[in-house]
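**Q** Please read through the structure below; I'll follow up with questions.
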Amino acid sequence: MTSGTTWQTQMAEIGFENPYVLHLMLALTALHLAHCRPSRREQYTATADHHYERALVLVTPEIASLSPKNCDAVLVAVQMICFISWGRGPQPGEYLAFGRDKKSDWLVMFRGIRTTLTSIDRSDFTRTHAPATRSKGRPLPAQEVPHEYEKQLDELREYVEFITRGAENHEDDVTSVNVLREMYDNRYLGVDGEFHVSFGWLFRTTDDFLDRLQQRDPVPMIIYAHFVVLIHVLERFWYMQGWTHHVMSGIWELLLPEYRAWLDWPIKRIGWIRP
């Protein structure tokens, strides 16, 4: 049995043992059908909403009582909630790591993944995280490397070090650039074997950094714009289509004009047309 088949079997088992996971699977499937069959989009979206709402009622108490017994199912659930948020398509005022008028709903779910993984010993995830960590994926297919990304990220790091020197958040901001550079190198130097590993940047940034991003602090916003380039390749998947241009438009709109020059490089890399 291949590792892929084993993974699918494990997910099916978790779904049948935990109805909220099954509802989330059905919700994501319905959204995919809505994407593939636009003429019936309203019908499939309603079906997705039904299963999603049923799942939330069931999974909420499970998250509140996280334990080695339910951690695999909860981890699958919060991951699928993130995918469902993507699959609904770009939403007004929702820019994944920050929101226009309120905190990002997607980021709340994403941080739930981190909470789940840090609350329970990794070895307790017997059917999800632990097997995935032990397996080694094949390198991604060759991809077009963003033009002079090494030079751009070096200049970004120098700028962040200068503008935050002496500030309480100096170390957090510099570290976020360093981690982002690591993610770029892993993606384009053939180290990573998973498309979504780039989201490890958000996973590894501090709560304070993410809070300041929510508050639209210019430095986290600029760094986040460079992260958007890294996830642009994910638009090959149906559930991510349209998101990178949408997120960049939110950054451009909400970033103070005097900082927008730092958006030139990421804007060109994703092909977004500024207003």
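The values are calculated or read from the model by the stated rules, or taken from the named source; none is laboratory data. Since this is a predicted model, take the numbers as computed values, not measurements. Positions of Cβ are backbone-derived with ideal geometry, glycine not excepted, and every protein chain shown enters the neighbour counts. SASA here: full protein model, heavy atoms, side chains in, ligands and nucleic acids out. Shrake-Rupley method; radii C 1.70, N 1.55, O 1.52, S 1.80 Å.
**Q** With a sphere of radius 12 Å drawn around the Cβ of Pro275, what net charge do the other residues whose Cβ falls strictly inside it have (Lys, Arg +1; Asp, Glu -1)?
**A** Details: positive: Arg260, Arg274; negative: Glu253.
Net charge around Pro275: +1.
**Q** Something else: Given a 1.4 angstrom probe, what's the average accessible area per residue across region 149-270, in square angstrom? It would help to have the intermediate numbers written out before the result.
**A** On the way: 5150 Å² over 122 residues.
Computed with neighbouring chains in place, this is 42 Å² per residue.
**Q** With each run of n ≥ 4 DSSP H residues scored as -39500 (n - 2.57), what mean residue ellipticity at 222 nm is computed for the chain after dividing by its residue count and rounding to the nearest 500 deg cm²/dmol? Display every interim value, and only then the final one.
**A** Details: 13 runs with 175 residues, N = 275.
Here the helix-only value at 222 nm equals -20500 deg cm²/dmol.
**Q** While we're on this one: In whole percent, how big is the carbon plus sulfur part of the accessible area of the chain, probe 1.4 Å, protein atoms only? Present the calculation step by step, with values, prior to reporting the outcome.
**A** Numbers: 7500 of 13980 Å².
Carbon-and-sulfur percentage of accessible area, whole number: 54.
**Q** Can you tell me which of Leu31, Leu202, Leu255 moves the most in a GNM of the chain? Springs connect C-alpha atoms under 10 Å apart.
**A** Of Leu31, Leu202, Leu255, the most mobile in the Gaussian network model is Leu255.
**Q** Hey, can you find the accessible area per residue of region 7-118 for me, probe 1.4 Å, expressed in square angstrom? It would help to have the intermediate numbers written out before the result.
**A** On the way: 5610 Å² over 112 residues.
Value returned for region 7-118: 50 Å² of accessible area per residue.
**Q** While we're on this one: Pull up all non-local amide H partners of Ser104: gap of 5 or more, or a different chain, and H-to-H distance under 5 Å with H placed in the peptide plane.
**A** It is Gly99, by chain and number.
**Q** I would also like to ask the following. Can you list, bin by bin at 5 Å, the percent of alpha carbon pairs in the chain, starting at 0?
**A** Pairs per bin, as whole percents: 1, 5, 11, 15, 18, 17, 14, 10, 6, 2, 0, 0.
**Q** Which aspartates and glutamates does Lys102 reach when only Cα atoms under 15 Å apart count, and residues fewer than 8 places away in its own chain are ignored?
**A** Reachable aspartates and glutamates: Glu94, Asp211, Asp217.
**Q** Return the single residue from Leu56, Leu24, Leu96 with maximal mean-square fluctuation; model: Gaussian network over the chain, springs between Cα atoms under 10 Å.
**A** Looking only at Leu56, Leu24, Leu96, the biggest GNM fluctuation is shown by Leu56.
**Q** Using mean Cβ contacts within 10 Å as the protection proxy, how do 61-69, 109-117, 234-242 order, highest first?
**A** Answer by packing, highest mean first, reads 109-117, 234-242, 61-69.
**Q** Out of the trypsin sites (Lys or Arg not before Pro) in region 143-186, which ones are loop residues according to DSSP with at most 14 other C-beta atoms within 10 Å? Spell out each step's value before the answer.
**A** Working: sites: Lys151, Arg157, Arg165, Arg181; in loops: Arg165.
Filter output for region 143-186: Arg165.
**Q** Now, a different point. Reported to two decimal places, what Rg/Rh ratio describes region 149-270 when computed on Cα atoms with Rh from the Kirkwood expression? Please report the intermediate quantities before stating the final value.
**A** On the way: Rg = 13.8 Å, Rh = 14.7 Å.
A ratio of 0.94.
**Q** Taking the Cα-to-Cβ direction at Glu148 and at Phe203 and moving 7 Å from each Cα, how far apart do the two end points lie in nm?
**A** Between Glu148 and Phe203, the label points sit 3.3 nm apart.
**Q** Taking the C-alpha atoms of region 7-124, how large are the radius of gyration and the largest Cα-Cα span, Dmax, in Å?
**A** Over region 7-124's Cα set, Rg and Dmax evaluate to 14.8, 46 Å.
**Q** Can you tell me the 0 to 90 degree angle between the C-alpha axis of helix 71-87 and the longest principal axis of the chain, rounded to 10?
**A** That helix lies at roughly 60 degrees to the long axis.
**Q** A further question follows. Can you sort Cys36, Cys82 by 1.4 Å-probe accessible area, starting with the largest? Please report the intermediate quantities before stating the final value.
**A** Working: Cys36 75, Cys82 5 Å².
Listed by decreasing accessible area, they come as Cys36, Cys82.
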